[in-house]
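Chemist: Just dropping this structure here.
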Amino acid sequence: MAEGDTKELEKTFSDRNETLRDFYNTDALSLTDDEAASLTPILNSLKDNVERYREINKIAEGGEKKVALVHDHRLDRRVAMARSVRADNLQDQEQFLREARLTANLAHPNIMPVYNMGFDPDGVPFFSMELVPGDSLKTIVKKLRDGDEGYRRDYPLETLLNIFIKVCDAIAYAHSRGVLHLDIKPDNIRVGEFGEVLVCDWGLARVMNTPEDRLSGEDSEQLDADVLNDMTLSGTMKGTPGFMAPEQTLAYAEKTEQTDIYALGALLYMLLAHELPVQGSSANEVVQNTREGKVVPPRRRKPDARIPKGLSAVMMKALALEPANRYESVLALRQEISCFLSGYPTQAEHAGWLIHISLLLQRHSRLASLVIFFLLLLAVVISGNLVAISREKADAVKAREQAEENFSLYVKQQRLAKELGEGLSEAVSYTVRSRDFVNAASMVQLLETGLKENVDTVKRQNLLEQKGILHFVLGEFNAANECFDGAGQSKRIGQMRTLSRKYAKIKPVDKRRLTDQQLADLFNEGRAANQMTLYYLYYHHMRRRPASASPEEYAPLASAVLDKLNYIPRAKAKPLALSKRDGGFHLNLSGSGYSVFSFNIIGVYRRNIVEPLKLKSLDISRSKLDNLGELRGLKLNELRMTGVKLDNRKQLAKQLEPFKLKRVVLTESDYPKAVITELRKSMEVVDAKK
């Protein structure tokens, strides 16, 4: 190459080098103030002078405070804000703020959480708390007393008792912290749309600290009675007539845990009888009758309500005139309700052997029916078949041994329940053992607290294993993977580890939710051993699923869940035959093997799996469905049910009533003429054979 060409080439490279240096010179670049501000919107919102809370509308107002719906500018969410009504002097303001601080120190899933407190621009004290859509227990009781069909359907006895148990949990926790509520009543209990139960209004609460508590040091978890108790209430009767214990109606009488237990008894009485336990034409008369212990037994007060004898005995013991005759603790009262729900007699009713046997037969109805059948058969052939007699006796002995084993298990469960402690370690241990994942998010927080403690390796692995399962049912697969890796190998985790790793790649961001199709695929891959875990995953998925989602998107998920509920092998599963017609969506399930359509978490959640399909017509002809109650929750215009073999055909009209049908297609000869005549009064009846 010539010397001139070489210099020309060097000059070209030098020019290009200068150009590239100028292009990558970041020092020459600068952002405008607006551009820089757009990169930190949250930080800027904390620095601006905009008032933090903006009132949207009023919710309620009472004698002590008024509650409004407000928007929190800093956290960008809606909360409920309580403002003091009586804020004319420092003493009233101090009492209002005492309630806020006391409530904030009671951290429990069934106690209303307080987020913030302070003074508004007008100098009025306030505190903000969680906004819980739903009803107060007072509204629910009123609707039940008025005979509202919707509320009677949504709040059967079992659901009401589970609500009561959650209230007991909250009060038991408060007692463990040395706090008495002293104003337990339906108006102070909120029931959310998804089964949440929150105890509110701790304005009359009292901290029962002893001198030893105050000398225990700064690390004590006990609350400071000197700061949090209202000194102006000393010697003053405060509470709600009908729910106040006899000693609460006396100004200087001692208030104990049994004072709250009386109020819980009155609350249970109100839930089941829809009336106060003490009658009176005025508040003063109610208070006087309370002092004299004139409690009307609920079965006499409401004979048509069919209040179980066991629950009536529990109420009367909780409402005893003397505190010493009531339950020794809220946990003891809670255990009585749990026994009733489990089908066991309560201690308060002092049940005889007839009641024990009756409840035992109810708990094992299938076994009892089988024994009765064999005994009847034995009575027929006893004269000529001694071999059959021997076999039936053996079956009877086996049934008795099974009954005794179950009763022994019940006694053991009672003993274990009484031994449960109230500290954090007991709560964490309960969470590890629990298979109820409705409150999975709260349980995760509790386990995180347990993991911060100094625990041994085996316990840490158990905590991580349970925390991983909770993240799994919440659809947080990345978090689940971290916990599973820390827990090591475990048979209990099983296939969940594999599914979690796979779907963490499909959904890398835990806050996002799976699509209906993705969850359907996961269901189809899941094994029977993980069935209940999958059902809770479905429950949390449906809570987050937008109501506007289309039925076509949901159809694969409905098919997968129905297959699991009905134990249909994946190889035999078929997609749902969902079609859209002029009148709406139609589902053809004729000849299907489905007999179960509802997913039920007792007292919390019940979902008809096909309800989100928004059906207007359904064909269940020749299917295995034998109880139309499984379709509860659907609103249909037309139902085809040719060849369906119902357990109780005489009750067909009553079973079809909730669906609001306009037309039903069936084989008339399968039903009594009186049933068909009754159906024609409310809908068109089409005979499939004509």
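Chemist: Of all residues in segment 672-690, how many are crowded, with 18+ Cβ neighbours inside 10 Å and within 16 Å of ARG622 (Cα to Cα)?
Modeler: 0
Chemist: For segment 469-514, enumerate the residues that are in contact with a helix residue (DSSP H, G or I) (Cβ under 7 Å, 6 or more places away or on another chain) and β-branched (Val, Ile, Thr).
Modeler: Within segment 469-514, ILE469, VAL473, ILE493, ILE506 meet the criteria.
Chemist: Among the helices (runs of 4 or more DSSP H) confined wholly to segment 463-575, which include 3 or more residues that are closer than 23 Å to TYR605 by Cβ, modelled with pLDDT of 85 or more and not aromatic (Phe, Trp, Tyr)?
Modeler: Per the criteria, 516-525, 531-544, 551-565.
Yes/no per residue for (1) assigned to a helix (DSSP H, G or I); (2) within 21 Å of the chain's Cα centre (by Cα); (3) modelled with pLDDT under 65; (4) loosely packed, with under 14 Cβ neighbours inside 10 Å:
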residue: VAL387; (1), (2), (3), (4): yes, no, yes, yes
residue: ASP395; (1), (2), (3), (4): yes, no, no, no
residue: ALA403; (1), (2), (3), (4): yes, no, no, no
residue: VAL411; (1), (2), (3), (4): yes, no, no, yes
residue: GLY421; (1), (2), (3), (4): no, no, yes, yes
residue: ALA427; (1), (2), (3), (4): yes, yes, yes, no
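Chemist: Right, here's the next one. So, THR449, is that one among the polar types (S, T, N, Q) and at pLDDT 90 or above or not?
Modeler: Numbers: among the polar types (S, T, N, Q): yes; at pLDDT 90 or above: no.
When the stated conditions are applied, THR449 does not pass them.
Chemist: Checking GLY147 against (1) small (Gly, Ala, Ser); (2) farther than 24 Å from ARG83 by Cα; (3) crowded, with 17+ Cβ neighbours inside 10 Å, only one condition comes out false. Which one?
Modeler: (3)
Chemist: If GLY123 satisfies all but one of (1) surrounded by 15 or more Cβ atoms within 10 Å (Cβ to Cβ); (2) at positive phi; (3) more than 27 Å from the chain's Cα centre (by Cα), what's the number of the condition it fails?
Modeler: Just one mismatch for GLY123, condition (1).
Chemist: Also, quick follow-up: Take THR232 and decide whether it is among the hydroxyl-bearing types (Ser, Thr, Tyr), at pLDDT below 90, surrounded by 13 or more Cβ atoms within 10 Å (Cβ to Cβ) and under 26 Å from PHE96 (Cβ atoms). Lay out the reasoning, then the answer.
Modeler: Numbers: among the hydroxyl-bearing types (Ser, Thr, Tyr): yes; at pLDDT below 90: yes; surrounded by 13 or more Cβ atoms within 10 Å (Cβ to Cβ): no; under 26 Å from PHE96 (Cβ atoms): yes.
No, not satisfied.
Chemist: Going by the conditions given, is LEU131 among the hydrophobic types (A, V, I, L, M, F, W, C), touching a residue at least 24 places away in the same chain (Cβ under 8 Å) and closer than 30 Å to LEU75 by Cα?
Modeler: When the stated conditions are applied, LEU131 passes them.
Chemist: May I ask you to list the residues in segment 643-667 that are β-branched (Val, Ile, Thr), surrounded by fewer than 18 Cβ atoms within 10 Å (Cβ to Cβ) and part of a loop (DSSP other than H, G, I, E, B)? If you could, list the steps in order and put the result at the bottom.
Modeler: Start the filter on segment 643-667 by keeping residues that are β-branched (Val, Ile, Thr), which leaves 644, 664-665, 667.
With the extra rule that they be surrounded by fewer than 18 Cβ atoms within 10 Å (Cβ to Cβ), the set shrinks to 665, 667.
Hit for segment 643-667 is THR667, nothing else.
Chemist: OK, next. Can you name every residue in segment 577-618 that is within 16 Å of PHE659 (Cα to Cα), outside any loop (DSSP other than H, G, I, E, B) and not hydrophobic (A, V, I, L, M, F, W, C)?
Modeler: Scanning segment 577-618 gives GLY584, HIS586, SER598, ARG607, ASN608, GLU611, PRO612, LYS616, SER617.
Chemist: Against the definition (touching a residue at least 24 places away in the same chain (Cβ under 8 Å) and not hydroxyl-bearing (Ser, Thr, Tyr)), how does LYS673 come out, yes or no?
Modeler: So LYS673 fails the test.
The values are calculated or read from the model by the stated rules, or taken from the named source; none is laboratory data. Everything numeric here is computed off the predicted structure, so don't read it as measured data. Cβ: placed from backbone, ideal geometry, glycine included. Neighbour counts: every protein chain shown.
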